[in-house]
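Working notes, structure below.
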Amino acid sequence: MKKIIIYSYIKCSTCRKALKWLDQKAFEYQLIDIVKETPSAKYLNLALKEYSFEKRKIFNTRGKSFKSINFDIQDSSNEEIIRLLSSDGKLIKRPFLVYEEKKIILGFNETEYTNNLE
């Protein structure tokens, strides 16, 4: 069985779409509330590697938490970014899906889910 961990926020409509898609395809997954438990530094590092040219994509830039901080993503070290993201799950783009402990998928795009999970 494929291992899927999905960090989600109950009030997020995009998260609900992703969970509905996973349920319709009968995927088993571990669901974690991203506000109560942020992704581990290991997973955040993996996201930073995958999105190294677009670090901004890891952030939920439309959320109130992001808009309330003054943070220069491009000039910050990965350690600074991980420390910030670990401090507030609402800063992280969601859903934050971890596939097989080696792939991170941010947000929900049906094509991307299909190409990477099926």
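Since every read-out is calculated from the coordinates, none of them should be taken as a lab result. These numbers come from a predicted model, not from an experiment. Neighbour counts run over all protein chains shown; Cβ positions are idealised from the backbone, glycine included.
Between Lys64 and Lys20, what FRET efficiency follows from the Cβ-Cβ distance if R0 is 35 Å, with the result rounded to 0.05?
Values: r = 25 Å, r/R0 = 0.72.
Computed FRET efficiency for Lys64 and Lys20: 0.90.
Counting only helical runs of four or more DSSP H residues, what would the 222 nm mean residue ellipticity of the chain come to if each run contributes -39,500 (n - 2.57) and the total is spread over all its residues? It would help to have the intermediate numbers written out before the result.
On the way: 5 runs with 44 residues, N = 118.
Result for the chain: -10500 deg cm²/dmol, rounded to the nearest 500.
Straight-line reach from Lys90: which lysines fall under 22 Å, measuring Cα to Cα and dropping same-chain residues less than 8 apart? Candidates past the 8-residue exclusion: Lys11, Lys17, Lys20, Lys36, Lys42, Lys49, Lys55, Lys57, Lys64, Lys67, Lys103. Remark: the Glu118-Lys102 segment gains 4.2 nm on full extension, using 0.36 nm per residue and subtracting the alpha carbon distance.
Could you give the Stokes-Einstein D for the chain in µm² per second, using the C-alpha Kirkwood radius, 10 °C, 1.306 mPa s?
Answer from the Stokes-Einstein relation: 110 µm²/s.
Placing a pseudo-label 7 Å from each Cα along the Cα-to-Cβ vector at Gln30 and Ser86 gives an inter-label distance of 1.8 nm.
From the alpha carbon centroid of segment 75-118 to that of segment 1-48 is 9 Å.
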